[in-house]
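**Q** Sharing a structure here in structure tokens format.
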Amino acid sequence: MQDFDPDGYHDVVINLQGDLPLIDPDSLARALRPVTEASYDIGTLVAPVETEEEANRESVVKAACSFAGEGDVARALYFSRRAIPWGAGPLWHHVGVYVWRREALARFVSLDPSPLEKRESLEQLRALEAGMTIGCVAIDEAPLGVDTPEDLIRVRQALSLS
């Protein structure tokens, strides 16, 4: 356990948005992996897209990243509400968790919204357009998120079964 820091300074900040009430705590721990490497400013999670409906749903953000080669972290190349990349191969569902190096978060909040961010309504594109690096870690399955009224019904049902 880390000691209390009276000055409020921490090396890493985790942003877990309230639309993921069922996320597995182990997934949050895995999201820390990219920022343990010097080459990443931000860490996040992705999960395989399971269905054609999921691939086509605009409320599901997709990530273009490649897990080819060594290691369990892949560099994010782009995020979109459309299925990317085109062609045969896995599609990745972005899970909206961000792990920030402290300096990266300070830089990010100082930036104006970027053109691609505005076009896609995805704030992580601001970081990519500014040359920041985002490392993606794959988890087996995307947690149920609340992006639509229908999603809220599904999450409420899942919580009532627990």
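**Q** Which option, (i) 38; (ii) 45; (iii) 25, is the value of percent of Cα pairs over 27 Å apart that was calculated from these coordinates?
**A** Identified label for the calculated read-out: (iii).
**Q** Here's another thing I want to ask about it. Could you line up T148, T44 from fewest to most neighbouring Cβ atoms inside 10 Å?
**A** T148, T44
**Q** Given 0.36 nm per residue, what is the gain on full extension from Y9 to T36 after removing their alpha carbon distance, in nm?
**A** Net length gain for the segment: 8.0 nm.
**Q** Applying a 10 Å radius around every beta-carbon, put 117-128, 11-22 in order of their mean neighbour count, most first.
**A** The packing order, highest mean first, is 117-128, 11-22.
**Q** Under 5 Å between amide hydrogens, which residues at least 5 positions from V46 or on another chain qualify, with H placed 1.01 Å from N in the peptide plane?
**A** It is V95, V137, A138, I139, by chain and number.
**Q** Rank these for me by crowding, S66, S110, going from fewest to most other beta carbons within 10 Å.
**A** Final ranking by Cβ density, sparse to dense: S110, S66.
**Q** A further question follows. Helix-only estimate, please: 222 nm mean residue ellipticity of the chain, summing -39500 (n - 2.57) across DSSP H runs of length 4 or more and dividing by its residues, to the nearest 500.
**A** Dividing the helical sum by the residues of the chain leaves -7500 deg cm²/dmol.
**Q** Over region 1-143, what is the relative contact order in whole percent, taking alpha-carbon pairs under 8 Å and six or more residues apart?
**A** It rounds to 36 percent for region 1-143.
Just so you know, all these numbers are worked out from the coordinates, no wet-lab data involved. What you see is a predicted model; the values in this text were computed from it and never measured. Reconstructed Cβ throughout: ideal geometry from the backbone, glycine too, with neighbour counts over all protein chains shown.
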